[in-house]
Each structure stands twice: as structure tokens, then as C-alpha cells.
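As C-alpha cells, the structure follows; a few thoughts come after it.
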Amino acid sequence: MADSTSSILARCKSHCVNWREWEFNPIVIKELRQAVRSWAVTGMLMLFLTVLLITSLALLVGQSVRVNEDVQLGVSMFQAFVIILAGASMMFIPLYIGIRVAAERVESSHDLLYVSTLTPGRIIRGKLYCGAYMALLFFSACMPFMAFTNLMRGVDLPSVFFILLFLFLVVCAANQIAIFLACLPLSRPFKILLALGGLFLSFWLMGELIASASGMMGLGLGSMMASRNFWIAALTVLVAGLIVTGLFHVLSVALISPPSANRARLPRLYITIIWLLGGLLNVAWVIRVEDPTLIMVWTMATLIILIFALLVVISNADDLGKRVRRDIPANRLKRLLVFPYYNGAASGLVWVSGMAASTFIFAQLVLTFGGTWYPTHYGMRGADREEFTLCTATTIIYALAYALTARFIHRKFFPKRPPQIAGLLTILLISLVAIGPGIVLFFLNQLSWKSIDGLQLGNIFNIYSIHEPSQQWSHLYVAVGWLGLMLAINAGWFLKQWRNFQPLRSSASED
Amino acid sequence: MKVQVKNLRKEFGKTVAVDDISFSFDAGHIFGFVGPNGAGKTTTMRIISTIEEATQGDVLLNGISVCEEPELARRAVGYVPDTLPAHADITVHEYLDFYARAYGLRGKKRKQAVEAIEEFTNVAGIREKHLKALSKGMKQRVSLGRALVYDPDVLVLDEPAAGLDPRARVELRELLLLLAERKKAILISSHILTELTEICNGVVIIERGKILETGTIEDVIKKSKPRRIVAIRLLEGNYHQNPQLLKELLQTPFVENARDVANEIHFDLTGDESAACDILGGLIAKKYKIIEFRQTKANLEDIFMNVTKGGVQ
Ligand SMILES: Nc1ncnc2c1ncn2[C@@H]1O[C@H](COP(=O)(O)OP(=O)(O)OP(=O)(O)O)[C@@H](O)[C@H]1O
Ligand SMILES: [Mg+2]
């Protein structure tokens with residue numbers, strides 16, 4: 001860690017000393033040149049301008065025909081422009097950027113872009129900047145029209161800036177998500193499906209945004225800006241957006257890093273840090289509102305992220321390349337500390353379990369002490385707390401048990417196949433246990449609500465549909481027993497991974 | 001600059017594309033890399049160029065390991081793939097300029113480097129053309145230019161002559177010789193073996209991921225001696241002596257597989273040239289009217305045909 005900070009410092013220093021030689025990220029230059037030549041971008045820009053022009057003309061003509069003057073003409077024009085701008089920039093730019101990245105990734109077996117001396121981080125950042133510049137292009141093309149609306153009544157400048165800035169940030173976030181989807185190692189049909197899904201998502205998001213923006217404008221955004229709560233809310237949304245975008249950024253960088261690099265470190269570190277900050281923030285919130293049950297927000301968010309992370313982690317390969325092993329610390333204690341942040345399924349499992357255990361313990365501490373400190377506001381009954389505790393604990397333990405089972409099956413039956421099979425197997429097993437009995441009952445003509453609501457040990461979703469504490473406890477016992485069994489079966493594999501986690505030199509001298 | 005390939009192995013699932021290959025070559029040398037389709041040439045070259053990662057073994061570029069420090073090794077090696085990726089909406093000049101930037105060339109230096117490379121590879125005339133609109137030969141030049149623009153010490157070319165017209169081939173050969181003069185270590189794979197004979201200092205012949213022959217061209221030719229073929233023709237009208245000659249030859253040392261081929265006797269010589277001399281002397285002493293005694297000179301093509309077995313995995 002100290003090494004990386006000092007290297008960052010050194011880099012900053014050299015940046016400052018060589019500011020005169022500073023140049024744009026090469027990717028940005030290349031992408032912008034390509035965008036300028038691309039008929040897609042030119043055509044879209046033309047279309048955009050035409051639509052803007054026609055809309056403003058139509059609105060103005062409509063106005064002059066009408067007898068009584070529309071006092072809100074400025075607002076309605078502005079809204080129309082925002083809708084057009086949002087449509088053009090939120091649909092087109094992420095799509096364009098995503099397709100360009102995907103095209104380069106498809107050719108990646110040949111493409112030398114990814115083996116130049118550009119770092120993966122720089123490549124992703126370059127693509128992101130390019131998207132931002134394109135968004136700026138569209139925004140500035142829209143500017144004259146927007147300025148025009150300002151001449152009319154009903155629109156105040158701060159609101160305009162606020163809405164545009166917000167829209168711009170959303171476009172950048174959408175670009176990052178598009179880049180992430182394009183980097184996923186999937187075949188073309190899947191990527192097309194993803195692109196369609198992404199388009200629908202951004203369509204929906206756009207609708208929401210426009211609705212809330214016009215709602216706010218209707219309420220008088222300018223006057224709202226004076227209140228403190230408005231800024232707190234805006235800041236919260238901004239921070240949450242940044243965190244999510246950052247996660248996608250980190251994941252994209254990891255995806256385009258070569259397999260031999262320590263790809264796991266950045267995402268795991270990032271998630272650990274936001275987990276920590278999120279926990280602290282949540283506690284601050286708990287103290288402010290004096291309601292300890294709010295810690296559930298952080299706990300549930302962590303649980304969801306960890307289950308996704310578990311699916312990824314279980315699909316990691318075991319063997320560490322020379323390149324990764326080169327910077328494993330020799331000191332045993334240090335090695336133990338950094339182990340969760342190195343490639344591999346075993347280390348990943350340690351990381352996920354560590355995070356889950358810390359979250360669980362921390363949440364319990366907050367609930368216990370919070371209950372004594374803020375007894376008047378403590379909104380949770382004892383039974384609710386028990387249910388919450390049982391559900392979260394059982395879910396993660398089940399998830400771990402399923403993942404270990406899948407890994408075991410992969411190791412025993414398909415050792416030559418890629419480890420991604422383990423991730424797929426986990427999902428398959430979970431869904432099989434969840435819907436398998438239902439299907440069997442259906443064919444036996446015995447399917448009823450009762451059978452779905454009843455206790456189904458091993459079914460991860462069943463925990464949330466039963467409310468009987470004794471049944472929940474039995475779920476927990478089964479989960480713990482199963483996890484224990486899986487740990488015992490996988491212990492040899494796990495120890496081997498730990499033993500292999502050695503710096504390069506010492507093992508070389510052993511040979 | 002010394003390039004050492006050490007016990008390289010690469011598996012794709014169950015296929016072993018490269019199986020324990022070792023060889024090395026130096027600055028100023030052009031090294032030929034020969035093998036039938038699917039032998040593992042491209043795979044080896046991609047590993048040397050840090051594009052692919054080896055399952056086992058290593059490649060050292062002046063001591064820098066491509067497994068351990070690919071970022072560092074990458075600066076030292078320029079790879080010319082057999083096809084140029086088709087980037088949309090970018091011109092030749094912009095493409096070269098991008099790679100110069102990507103490898104950290106700045107300002108004036110970059111401008112000069114790109115222009116020099118455009119001159120050198122003779123693409124200055126087409127620098128404003130779109131990459132997608134280029135012909136095969138032009139693409140090959142741009143690809144070479146791309147690999148040279150950051151002035152690497154090692155150059156790895158994957159079948160650069162494929163699809164070029166004869167003039168372009170000669171030009172390419174001259175370019176390569178010039179680059180070798182500039183102390184670059186060059187590895188070149190090709191199916192057109194006769195071309196390599198003229199410019200290569202050494203060759204490696206591989207098949208199914210395994211090395212069959214390696215060394216300088218002369219070495220390899222010498223090593224393939226057992227397969228050297230000698231043809232004997234008797235004076236016209238003396239063909240009736242052929243069966244007798246065949247029998248005679250079969251008892252002579254260093255002779256194998258003597259056979260009658262259209263009024264000529266061919267045999268595989270397992271010894272060196274002085275052995276051939278002795279055989280000829282012996283035959284003349286026995287009053288055979290020999291009018292022709294010639295050795296078919298082995299070139300890389302023959303060696304290639306002899307050494308490889310044509311197996312495809
Ligand atoms: N990405 C890959 N995935 C799976 N197998 C591969 C891959 N790349 C190469 N192979 C296999 O590795 C072996 C060697 O391939 P390679 O491309 O290195 O041969 P080559 O000597 O370059 O052949 P050619 O003369 O046809 O170019 C082949 O059997 C090929 O099928
Ligand atoms: Mg090839």
C-alpha cells in the first residue's frame with residue numbers, strides 16, 4: 001500500500017514538473033478524430049439541430065396564433081428542449097461509445113490497442129472523456145436555443161444550469177455503464193441484448209428525470225435552491241451516483257486488464273472502501289435521526305453487493321501468474337492481510353466472508369447499543385430484529401454454501417473447463433432448489449400456495465416467504481450445517497491455495 | 001538485444017499449441033520461423049509480443065521477462081500481425097500518430113517519428129486514406145509502420161509476405177535487411193521458405209508445437225544430410241547395367257534407399273560430401289560408365305518437406 005501511494009506521489013510530481021509536456025490522453029484524441037469522421041455522429045447532430053429548430057418554430061407559431069398570451073411559454077419551450085437534449089444525449093452517446101468499445105473488444109484478439117503501453121485505467125478514462133466531450137458538443141449545440149428561452153418569462157438561470165449540469169452527469173454515468181457492458185466478455189448476441197436492455201433502461205430513466213425536473217420546475221426550482229434540504233438531497237444523489245459510476249469504472253478497468261494482472265485488487269478494494277464509508281455515513285445518519293434501525297439500509301445494500309461479488313469471485317481462476325506473485329509480500333502477517341485482495345476464488349471467498357461477518361457484527365452492535373441509547377425512537381420490535389438478523393445471516397450463509405458446492409462440482413467433474421462454470425453452477429443450483437420442487441409438485445398436480453409458503457429447507461428465497469421464527473431457525477441450522485460440510489470438503493483445496501500464495505523468489509529457491 | 005525463448009508452452013484447453021519451445025536470436029539477426037499451418041507460430045509470436053500469456057516458460061528480451069514485466073517488455077518489441085485490425089473512421093496518419101502517442105512520444109519528437117516511419121515504409125502518399133480502404137499490401141506496410149513507430153529493438157513479423165505482389169516482396173526484403181543493419185532483432189514467420197533462405201541468419205522449424213530443427217541455415221542444411229539425394233546417370237546404352245548398379249550401391253556404406261527413377265539411379269546419402277566422393281571413385285573403378293553424378297542441393301523447402309510430417313492438430 002505504501003508503495004502505491006509513494007508511486008502515485010512520484011507520478012504527481014513528475015506531472016507537475018512536466019506540465020509543459022502535458023498532452024491529451026491518446027485515446028481521447030483518437031476517439032474524437034474517429035467521431036468527427038463518423039457519419040453516425042454527424043448525422044445525429046444534424047438531426048438533433050433540425051428537431052430543435054422545428055420544435056422552437058412550432059412552439060413560437062403556436063404561440064402567435066393563440067390569442068391570450070402564454071405566460072409560461074419560456075418554461076414549456078425549455079422543457080421541450082430538455083426532452084430533446086436528454087433523448088439525443090442519453091440514448092445516442094452511450095450507444096455510440098458502447099458500440100465503439102465493443103467493436104474494439106471483439107477484435108481484441110488482434111487489436112494491439114490493449115497491449116500498448118497505455119494502462120487499462122487510461123483507456124477506460126479516455127473513452128469516458130470522449131463521451132463527456134461528445135455530450136458537451138450536444139449541450140453546446142442546444143445552448144443558443146436554451147438562451148433564447150431565457151428571454152421569455154418563467155425560466156430562471158440557476159434552474160437552467162442546475163438541470164443541465166444534472167443531465168450532463170447522468171449522461172456521463174450512462175456512458176460509464178455502456179462502457180462496462182461493452183467490456184463484458186460476452187458474445188455479440190448477448191451484447192446486442194444488453195444494449196437493448198440498456199436503451200430501455202435509459203429510456204425509463206429519462207422519463208423519470210424529465211418528470212422530476214418538470215415537477216421541480218413547476219414547484220419553482222429557483223426558490224427551492226434556497227433551502228438547505230434541497231442541497232443535501234442533491235448532494236446525496238450526486239454522491240450515490242458517483243459511487244455507482246465509480247464501481248462500474250473500476251469493474252471496466254478490471255475487465256480489460258490482462259488476466260495475468262491482479263485484476264481482483266481494484267474492485268475488491270473499491271468495494272471495501274465504499275462499504276466502510278457507507279457504514280460510517282449510515283451511522284452518522286442513525287445518530288442524527290436517532291433511529292438505529294436505519295442501519296438496515298447499509299446492511300441490505302452490502303448483502304446484495306456481496307452476493308453479486310460472490311458469483312464473480314467463485315468464477316475466478318486458481319493459479320496465480322508470475323506477474324502477480326512477484327509482488328506478494330514475503331512477511332507472513334502482511335501476506336495474510338493482503339490475501340483477500342489478490343486474484344483467486346479462495347481469496348475472494350475470504351474477502352466476501354470477511355466483509356459479510358464484519359457487516360453482520362457491526363449491524364448487531366448498532367442495533368444493540370442504539371436500542372439502549374435511543375429507546376424512544378427505537379422503531380423495531382424484538383421479533384422484527386430477530387427476523388432481520390436471521391434472514392440476513394441465513395441468506396449469506398446459504399449463498400456461501402451454494403458457491404462452495406458449485407466450486408466443488410467444478411473441481412471434481414470439469415477441472416479442464418474454465419472456472420466461470422462455477423459461477424453459472426451456483427446460479428443453476430440456487431434456481432434448481434428454488435423452483436425444482438414446485439415443478440415436480442406441479443406435474444403431480446399438487447402445487448398450492450401452501451406448498452410455496454411452507455418450509456423448504458435449502459431454498460434461499462424461502463427464507464423471505466416464511467415468518468415462523470422456528471422455521472427460520474431451522475433454515476439457519478441447515479445453512480450452517482451445509483456450509484460446514486462444504487468447508488470440510490473444500491478445506492484441502494483452500495489450504496493449497498493459501499500455500500501457493502507465495503512470493504516468486506522464495507518458491508523459486510525451493511525448487 | 002538478445003531474445004531468449006525458454007521452454008515456452010501454451011495450452012488452449014486441451015490443445016497444446018506450443019510445447020516446450022526454446023531458441024534465441026540476437027540483434028542484427030533475421031530469424032526465420034517456419035512450420036505448417038497450426039504449428040504454433042502465431043501463438044509463439046503473440047507470446048513474445050506480450051499479447052498472449054504463456055502457460056509455462058518465459059521469453060526474455062535482454063533479460064526482461066514478458067511474463068513478469070509485460071509493460072516493460074512491450075516497449076522493446078514491435079509486433080506485425082498477419083492481419084491489420086479494421087478500425088473505422090481513421091486515416092493512416094492518425095493511426096500511426098495514435099500509436100506514437102500511446103507509446104509516449106510527445107510533441108515534436110512524435111511528429112518527426114511518424115513522418116520518418118511514413119517515409120521509411122513508403123506510406124507517405126496514402127497517409128490521408130482511411131484504414132479500411134487500404135489494399136492488403138498497403139495494410140501490411142501500415143502494420144509494419146505501426147510496429148516501428150516507437151522504435152522497438154525486437155521486431156516480430158507474422159507472415160508479412162503473404163498476399164504481397166513480387167515487387168512488394170522484394171521491397172519488404174530490403175526493408176528487413178535495412179532494419180537488421182540498424183541492429184534490430186527480427187523474427188519472421190513465413191510459408192514461402194525460399195524467401196527466408198536469402199535473408200535469414202537462422203531458422204526454427206516447428207510442427208505441432210514442437211521444434212524439429214533449429215540453427216543457422218547452413219547448420220540445418222548440414223543436419224538434414226541424411227536426406228540428401230544423389231542422382232546417377234549412366235551413359236546412354238548402358239542402362240542394362242542399372243540393376244547391377246543398384247545391387248552394388250545397396251552394399252555400399254552411406255547409401256540408403258537406392259531406387260530406379262526414369263533411367264536414373266537415386267539414393268539417399270547418409271554421409272558427408274567426401275563419402276559421396278568415395279562412392280563415385282568406387283563406381284568408376286568398377287567400370288561403370290557414369291556420365292552424371294549430381295547432388296540435389298537441399299533448400300529450406302526440401303528440409304521443410306523432409307522434416308515436417310504434415311500432421312495437423
Ligand atoms: N485462441 C485460440 N483458442 C484455441 N486454440 C487456438 C487459439 N489460437 C490458436 N489455437 C490453436 O493452436 C494451434 C496453433 O495455432 P497457431 O495460430 O499458432 O498456428 P500457426 O503456426 O500460426 O498456423 P498458420 O500457419 O496457419 O498461421 C492450432 O491448433 C490452433 O487451433
Ligand atoms: Mg499463423
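The values are calculated or read from the model by the stated rules, or taken from the named source; none is laboratory data. In this text the structure is predicted, and so the values were computed from the model without any measurement. Here the Cβ positions follow ideal geometry from the backbone for every residue, glycine too, while neighbour counts run over all protein chains shown. The area values use the complete protein model at the heavy-atom level, side chains included, leaving out ligands, DNA and RNA. Shrake-Rupley method; radii C 1.70, N 1.55, O 1.52, S 1.80 Å.
Say whether the condition of being under 19 Å from residue A:92 (Cβ atoms) and open to solvent by less than 50 Å² (accessible area, probe 1.4 Å) is met by at least one residue in the range A:209-218.
As a first pass, look at the range A:209-218 and keep what is under 19 Å from residue A:92 (Cβ atoms): A:209-210.
Cutting the leftovers down to open to solvent by less than 50 Å² (accessible area, probe 1.4 Å) gives us A:209-210.
Yes, there is a match, as at least one residue in the range A:209-218 is under 19 Å from residue A:92 (Cβ atoms) and open to solvent by less than 50 Å² (accessible area, probe 1.4 Å).
Just wondering, is there one or more residues in the range A:446-461 that are surrounded by 14 or more Cβ atoms within 10 Å (Cβ to Cβ) and among the acidic types (Asp, Glu)?
No - not one qualifying residue is present in the range A:446-461.
Just checking, does the range B:244-261 include any residue being surrounded by 19 or more Cβ atoms within 10 Å (Cβ to Cβ), of a type outside the set (Ser, Thr, Tyr) and within 25 Å of residue B:48 (Cα to Cα)?
no
When only residues in the range B:1-41 that are within 13 Å of ligand 1 (Cβ to nearest atom), open to solvent by less than 10 Å² (accessible area, probe 1.4 Å) and out of contact with any Gly (no Cβ under 8 Å at 6 or more places or on another chain) count, which is modelled with the highest pLDDT?
Checking each candidate, the answer is B:33.
Given the structure, is residue B:46 facing another protein chain (nearest Cβ under 10 Å), of a type in the set (Lys, Arg) and within 16 Å of ligand 2 (Cβ to nearest atom)?
Working: facing another protein chain (nearest Cβ under 10 Å): yes; of a type in the set (Lys, Arg): yes; within 16 Å of ligand 2 (Cβ to nearest atom): yes.
The answer is yes for residue B:46.
Evaluate the range A:263-277: report whether one residue or more is within 14 Å of chain B (Cβ to nearest Cβ) and either open to solvent by 50 Å² or more (accessible area, probe 1.4 Å) or touching an Asp or Glu at 6+ places or on another chain (Cβ under 9 Å) (or both). Even if it seems obvious, please write down each step before you answer.
Let us first name the residues in the range A:263-277 that are within 14 Å of chain B (Cβ to nearest Cβ), namely A:263.
Then keep just the ones that are either open to solvent by 50 Å² or more (accessible area, probe 1.4 Å) or touching an Asp or Glu at 6+ places or on another chain (Cβ under 9 Å) (or both); that gives A:263.
Yes, the conditions are met somewhere in the range A:263-277.
Residues checked against (1) touching a helix residue (DSSP H, G or I) at 6+ places or on another chain (Cβ under 6 Å); (2) in the same structural domain as residue A:355 (by TED's automatic domain parsing); (3) open to solvent by 20 Å² or more (accessible area, probe 1.4 Å):
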| site | (1), (2), (3) |
| --- | --- |
| A:281 | no, no, yes |
| A:286 | yes, no, no |
| A:298 | yes, no, yes |
| A:301 | no, no, yes |
| A:330 | no, yes, yes |
| A:334 | no, yes, yes |
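Which of the residues that make up the range A:32-57 are in contact with a helix residue (DSSP H, G or I) (Cβ under 9 Å, 6 or more places away or on another chain) and more than 10 Å from chain B (Cβ to nearest Cβ)?
A:32, A:42, A:44, A:45, A:47, A:48, A:49, A:51, A:52, A:53, A:55, A:56 - these are the residues of the range A:32-57 that are in contact with a helix residue (DSSP H, G or I) (Cβ under 9 Å, 6 or more places away or on another chain) and more than 10 Å from chain B (Cβ to nearest Cβ).
So, in the range A:218-261, how many residues would count as being in contact with a helix residue (DSSP H, G or I) (Cβ under 6 Å, 6 or more places away or on another chain) and in a helix (DSSP H, G or I)?
Count: 16.
May I ask you to list the residues in the range B:225-263 that are in a loop (DSSP other than H, G, I, E, B) and in contact with a helix residue (DSSP H, G or I) (Cβ under 9 Å, 6 or more places away or on another chain)?
Residues of the range B:225-263 in a loop (DSSP other than H, G, I, E, B): B:235-238, B:251-254, B:262-263.
Across the range B:225-263, the qualifying residues are B:252, B:253, B:254, B:263.
Please enumerate the residues belonging to the range B:55-71 that are in contact (Cβ under 8 Å) with a residue 24 or more places away in the chain and not in a loop (DSSP other than H, G, I, E, B).
Selection gives B:56, B:57, B:58, B:59, B:60, B:61.
Return a yes/no flag: does the range B:72-86 have any residue that is hydroxyl-bearing (Ser, Thr, Tyr) and either away from ligand 2 (no atom under 16 Å from the Cβ) or in a loop (DSSP other than H, G, I, E, B) (or both).
Scanning the range B:72-86 turns up at least one residue that is hydroxyl-bearing (Ser, Thr, Tyr) and either away from ligand 2 (no atom under 16 Å from the Cβ) or in a loop (DSSP other than H, G, I, E, B) (or both).
Taking into account only those residues within the range B:69-82 that are in contact with a strand residue (DSSP E or B) (Cβ under 8 Å, 6 or more places away or on another chain) and more than 11 Å from ligand 1 (Cβ to nearest atom), which is nearest to the other protein chains (Cβ to nearest Cβ)?
This residue is B:79.
Yes or no: residue B:117 away from ligand 1 (no atom under 15 Å from the Cβ) and buried (at least 23 other Cβ atoms within 10 Å of the Cβ)? Don't jump to the end; show me each part of the working.
Values: away from ligand 1 (no atom under 15 Å from the Cβ): yes; buried (at least 23 other Cβ atoms within 10 Å of the Cβ): yes.
For residue B:117, the condition - away from ligand 1 (no atom under 15 Å from the Cβ) and buried (at least 23 other Cβ atoms within 10 Å of the Cβ) - is met.
Is it true that residue B:151 is away from ligand 2 (no atom under 16 Å from the Cβ) and at positive phi?
Working: away from ligand 2 (no atom under 16 Å from the Cβ): yes; at positive phi: yes.
Considered against the rule, which asks whether it is away from ligand 2 (no atom under 16 Å from the Cβ) and at positive phi, residue B:151 comes out as yes.
Determine whether the range A:403-410 contains at least one residue that is open to solvent by less than 90 Å² (accessible area, probe 1.4 Å), of a type in the set (Lys, Arg) and in contact with a helix residue (DSSP H, G or I) (Cβ under 8 Å, 6 or more places away or on another chain).
Quick first cut of the range A:403-410, residues open to solvent by less than 90 Å² (accessible area, probe 1.4 Å) only: A:403-410.
Those left that are additionally of a type in the set (Lys, Arg): A:407.
Applying the additional criterion that residues be in contact with a helix residue (DSSP H, G or I) (Cβ under 8 Å, 6 or more places away or on another chain) yields A:407.
For the range A:403-410, residues open to solvent by less than 90 Å² (accessible area, probe 1.4 Å), of a type in the set (Lys, Arg) and in contact with a helix residue (DSSP H, G or I) (Cβ under 8 Å, 6 or more places away or on another chain): present.
State which residue is nearest to ligand 2 (Cβ to nearest atom) when the search covers only the range B:52-66 and only residues that are at pLDDT below 90 and surrounded by 24 or more Cβ atoms within 10 Å (Cβ to Cβ).
Going through the qualifying residues, I end up with B:54.
Every residue in the range B:152-209 that is within 16 Å of ligand 1 (Cβ to nearest atom), within 11 Å of the chain's Cα centre (by Cα) and open to solvent by 60 Å² or more (accessible area, probe 1.4 Å), please.
B:191
Looking at this structure, is residue B:52 part of a loop (DSSP other than H, G, I, E, B) and free of Cβ contacts under 8 Å to residues at least 24 places away in the same chain? Steps first, please.
Values: part of a loop (DSSP other than H, G, I, E, B): yes; free of Cβ contacts under 8 Å to residues at least 24 places away in the same chain: no.
No; evaluated as a whole, the condition is false for this residue.
Out of the residues in the range A:438-450 meeting the condition of being at pLDDT below 80 and under 36 Å from the mean Cα position of the chain (by Cα), tell me which one is farthest from residue A:402 (Cα to Cα).
Only one residue fits best here, namely A:449.
Criterion first (within 16 Å of the chain's Cα centre (by Cα) and either crowded, with 16+ Cβ neighbours inside 10 Å or not assigned by TED's automatic domain parsing to the domain that holds residue A:410 (or both)) does residue A:323 satisfy it?
Details: within 16 Å of the chain's Cα centre (by Cα): no; either crowded, with 16+ Cβ neighbours inside 10 Å or not assigned by TED's automatic domain parsing to the domain that holds residue A:410 (or both): yes.
Here the answer is no, as residue A:323 does not meet what is asked.
Would you confirm whether any residue within the range A:373-382 is free of Cβ contacts under 8 Å to residues at least 12 places away in the same chain, surrounded by fewer than 17 Cβ atoms within 10 Å (Cβ to Cβ) and under 25 Å from the mean Cα position of the chain (by Cα)?
Looking for residues that are free of Cβ contacts under 8 Å to residues at least 12 places away in the same chain, surrounded by fewer than 17 Cβ atoms within 10 Å (Cβ to Cβ) and under 25 Å from the mean Cα position of the chain (by Cα), one finds none in the range A:373-382, hence no.
Hey, can you tell me all the residues within the range A:463-503 that are open to solvent by 40 Å² or more (accessible area, probe 1.4 Å), of a type outside the set (Gly, Ala, Ser) and closer than 30 Å to residue A:320 by Cβ?
A:482, A:485, A:487, A:489, A:494, A:495, A:496, A:498, A:499, A:500, A:502
Return the residues of the range A:262-281 that are over 21 Å from residue A:307 (Cα atoms) and not in a helix (DSSP H, G or I); say none if nothing qualifies. Spell out the reasoning first.
Within the range A:262-281, the first condition is being over 21 Å from residue A:307 (Cα atoms), and the residues that meet it are A:262, A:280-281.
The one that is over 21 Å from residue A:307 (Cα atoms) and not in a helix (DSSP H, G or I): A:262.
Taking residue B:41 as meeting all but one of (1) within 24 Å of residue B:183 (Cα to Cα); (2) among the charged types (D, E, K, R); (3) more than 16 Å from ligand 2 (Cβ to nearest atom), write down the number of the exception.
(3)
Considering only residues that are open to solvent by 20 Å² or more (accessible area, probe 1.4 Å) and more than 9 Å from chain A (Cβ to nearest Cβ), which ones fall in the range B:83-109?
B:93, B:105, B:108, B:109
Could you tell me which residue of the range B:123-139 is surrounded by the most Cβ atoms within 10 Å (Cβ to Cβ), considering only residues that are within 13 Å of residue B:96 (Cα to Cα) and touching a residue at least 24 places away in the same chain (Cβ under 8 Å)?
Initially, the range B:123-139 is screened for residues within 13 Å of residue B:96 (Cα to Cα), giving B:123-124, B:126-131, B:139.
Still in the running and touching a residue at least 24 places away in the same chain (Cβ under 8 Å): B:123, B:126-131, B:139.
Details: B:123: 21, B:126: 18, B:127: 18, B:128: 9, B:129: 16, B:130: 16, B:131: 19, B:139: 19.
Only one residue tops the list, namely B:123.
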